[in-house]
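Chemist: Dumping the structure here so I can ask a few things about it.
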Amino acid sequence: MKVVATRRLPGPAWDELGDVEIATIDGPRPDVEALIVTNETVDDALLDRLPSLRLVANYGVGYDQIDVEACRARGVAVTNTPGVLDAATADLAMALLLATRRRVVEGDALVRAGGWRGHWADTNFFGRDLTGSTLGILGLGRIGGAVARRARGFEMRVLFHNRSRVTSPDAEYRELDELLGESDVVSLHLPLTSETHGLLSRERLALLQDGATLINTARGAIVDEEALVDELVSGRIRAGLDVFTNEPNVPERLRSLPNVVLTPHIASATVETRAAMTRVVVDNVLAAARGEPLVSPVQ
């Protein structure tokens, strides 16, 4: 099977694929049967250049840039890497939550700049407690559930909103607008779809209580980014963001604010997790080559 990847993936499993071509598809490639992507655009235009394609193996859980229906219409399978990055993503969500609520990055910058002149008991650097506060989770899937379990360890009260109303031992269900108004912290764990694009609109962001914190490790476009920046500029809320609408471009106004912690889409970026993601990609490609059932097909 001829395999092309947009980049080499980390971890020992990669070598099991043998000769993988690292390239972009700029012209007709009738030889390519499997394409490994990191959520780059896969649309009709690309598929037209790959008439022999049998598999698109996505390195990551989210596949919002892949036209799954167009692939299905051409008999091309699509896979992703669910399950192996839940813990790492949940850990980063909690790290952003802690860093934002306890003003860790602001404190680090103050010390590094030599600006710490006060006493530890001064009142000008207060953060907010996690213990006893309310966390609202949008999307109680694998990752959202992992965040809920971690939050209970901090003695937080946990609410959630899902498209389907499930039950959870770790969280209480709320309608979306109710959750936004009741939560001290809101953490996003939704896929980007036509339904969730812009879900947190200017009107919904206004429902957040004064002093609330928004954490986003999902997809930037779930939030109206301009409206979020306006809220942050006002100083009314705080945010911890790992994802942005037009990555790697981050609005200049956002980069200048002290009440937001920014990370470069690193939720799954641990040695162990990225190697495990590669393992799933490789297993899907090898299964396709052998004509066996795929490990994690996108439904």
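Chemist: Those residues that are surrounded by 13 or more Cβ atoms within 10 Å (Cβ to Cβ) and at pLDDT below 95, I need them from segment 117-140; list them, please. Quick ask: steps written out before the conclusion?
Modeler: Filtering segment 117-140 for residues surrounded by 13 or more Cβ atoms within 10 Å (Cβ to Cβ) gives 125, 127-128, 130, 133-140.
PHE125, the sole residue that qualifies.
Chemist: If you check ASP67 against the conditions, is it in contact with a helix residue (DSSP H, G or I) (Cβ under 8 Å, 6 or more places away or on another chain), under 26 Å from GLY11 (Cβ atoms) and open to solvent by 40 Å² or more (accessible area, probe 1.4 Å)?
Modeler: Numbers: in contact with a helix residue (DSSP H, G or I) (Cβ under 8 Å, 6 or more places away or on another chain): yes; under 26 Å from GLY11 (Cβ atoms): no; open to solvent by 40 Å² or more (accessible area, probe 1.4 Å): yes.
No: the conditions fail for ASP67.
Chemist: Got a sec? Which of THR123, THR100, THR134, THR24 is among the hydroxyl-bearing types (Ser, Thr, Tyr) and over 30 Å from ASN259 (Cβ atoms)? Please lay out each step first, then the result.
Modeler: Details: THR123 fails: over 30 Å from ASN259 (Cβ atoms); THR100 fails: over 30 Å from ASN259 (Cβ atoms); THR134 fails: over 30 Å from ASN259 (Cβ atoms).
Only one candidate passes the filter, namely THR24.
Chemist: Given the criteria over 24 Å from the mean Cα position of the chain (by Cα), among the β-branched types (Val, Ile, Thr) and more than 17 Å from ALA212 (Cα to Cα), does THR123 qualify? Give the steps one after another, and end with the answer.
Modeler: Working: over 24 Å from the mean Cα position of the chain (by Cα): yes; among the β-branched types (Val, Ile, Thr): yes; more than 17 Å from ALA212 (Cα to Cα): yes.
Considered against the rule, which asks whether it is over 24 Å from the mean Cα position of the chain (by Cα), among the β-branched types (Val, Ile, Thr) and more than 17 Å from ALA212 (Cα to Cα), THR123 comes out as yes.
Chemist: When residues of segment 44-63 are filtered for being open to solvent by less than 60 Å² (accessible area, probe 1.4 Å) and not in a strand (DSSP E or B), how many remain? Steps first, answer last, please.
Modeler: Initial filter on segment 44-63 (open to solvent by less than 60 Å² (accessible area, probe 1.4 Å)): 45-47, 50, 52-53, 55-62.
Going one step further and asking which of them are not in a strand (DSSP E or B), we end up with 45-47, 50, 52-53, 59-62.
Count: 10.
Chemist: Moving on to the next point. Determine which single condition VAL111 fails, assuming it passes every other condition in (1) surrounded by fewer than 16 Cβ atoms within 10 Å (Cβ to Cβ); (2) outside any helix (DSSP H, G or I); (3) of a type in the set (Val, Ile, Thr).
Modeler: Answer for VAL111: the failing condition is (2).
Chemist: Quick check on my filter: what residues within segment 15-30 are loosely packed, with under 12 Cβ neighbours inside 10 Å, over 25 Å from the mean Cα position of the chain (by Cα) and part of a loop (DSSP other than H, G, I, E, B)?
Modeler: Selection gives GLY18, ASP19, ASP26, GLY27, PRO28, PRO30.
Chemist: Please work out if ALA267 is at pLDDT 95 or above and either in a loop (DSSP other than H, G, I, E, B) or in contact with a strand residue (DSSP E or B) (Cβ under 8 Å, 6 or more places away or on another chain) (or both). Break it down into steps so the answer makes sense when it comes.
Modeler: Values: at pLDDT 95 or above: yes; either in a loop (DSSP other than H, G, I, E, B) or in contact with a strand residue (DSSP E or B) (Cβ under 8 Å, 6 or more places away or on another chain) (or both): yes.
So ALA267 fits the description; yes.
Chemist: Next question. Scan segment 219-236 for residues that are part of a loop (DSSP other than H, G, I, E, B) and among the small types (Gly, Ala, Ser) and jot them down. Reasoning before the result, please.
Modeler: Initially, segment 219-236 is screened for residues part of a loop (DSSP other than H, G, I, E, B), giving 219, 224, 235-236.
Listed by number, the list holds a single entry, GLY235.
Chemist: Quick check on this structure: which one of ASN80, ASN39 is open to solvent by 10 Å² or more (accessible area, probe 1.4 Å) and modelled with pLDDT under 95?
Modeler: On the way: ASN80 fails: modelled with pLDDT under 95.
That would be ASN39, the only listed residue that is open to solvent by 10 Å² or more (accessible area, probe 1.4 Å) and modelled with pLDDT under 95.
Chemist: For segment 236-256, give me each residue that is without any contact (Cβ under 8 Å) to a residue 40 or more places away in the chain, closer than 17 Å to VAL104 by Cα and either basic (Lys, Arg) or open to solvent by 30 Å² or more (accessible area, probe 1.4 Å) (or both). Spell out how you get there, then give the answer.
Modeler: Pass one, segment 236-256, residues without any contact (Cβ under 8 Å) to a residue 40 or more places away in the chain: 236-237, 243-256.
In the following step, the residues that additionally are closer than 17 Å to VAL104 by Cα were identified as 237, 255-256.
Correct list: ARG255, SER256.
Chemist: How many of the residues in segment 163-195 are without any contact (Cβ under 8 Å) to a residue 60 or more places away in the chain and touching a helix residue (DSSP H, G or I) at 6+ places or on another chain (Cβ under 8 Å)?
Modeler: Here is the first cut: in segment 163-195, the ones without any contact (Cβ under 8 Å) to a residue 60 or more places away in the chain are 163-184, 186, 188, 190, 194-195.
In the following step, the residues that additionally are touching a helix residue (DSSP H, G or I) at 6+ places or on another chain (Cβ under 8 Å) were identified as 168, 170-171, 174, 176-177, 180, 186, 188, 190.
Qualifying residue count, segment 163-195: 10.
Chemist: For segment 163-192, which positions are modelled with pLDDT of 95 or more, of a type in the set (S, T, N, Q) and either open to solvent by 30 Å² or more (accessible area, probe 1.4 Å) or outside any strand (DSSP E or B) (or both)?
Modeler: Once the filter is applied, which keeps residues that are modelled with pLDDT of 95 or more, of a type in the set (S, T, N, Q) and either open to solvent by 30 Å² or more (accessible area, probe 1.4 Å) or outside any strand (DSSP E or B) (or both), segment 163-192 yields only SER183.
The values are calculated or read from the model by the stated rules, or taken from the named source; none is laboratory data. Not measured: the values here are computed from a predicted model. Every residue, glycine as well, gets a Cβ built from its backbone with ideal geometry; the counts of neighbours run over all protein chains shown. The area values use the complete protein model at the heavy-atom level, side chains included, leaving out ligands, DNA and RNA. Shrake-Rupley method; radii C 1.70, N 1.55, O 1.52, S 1.80 Å.
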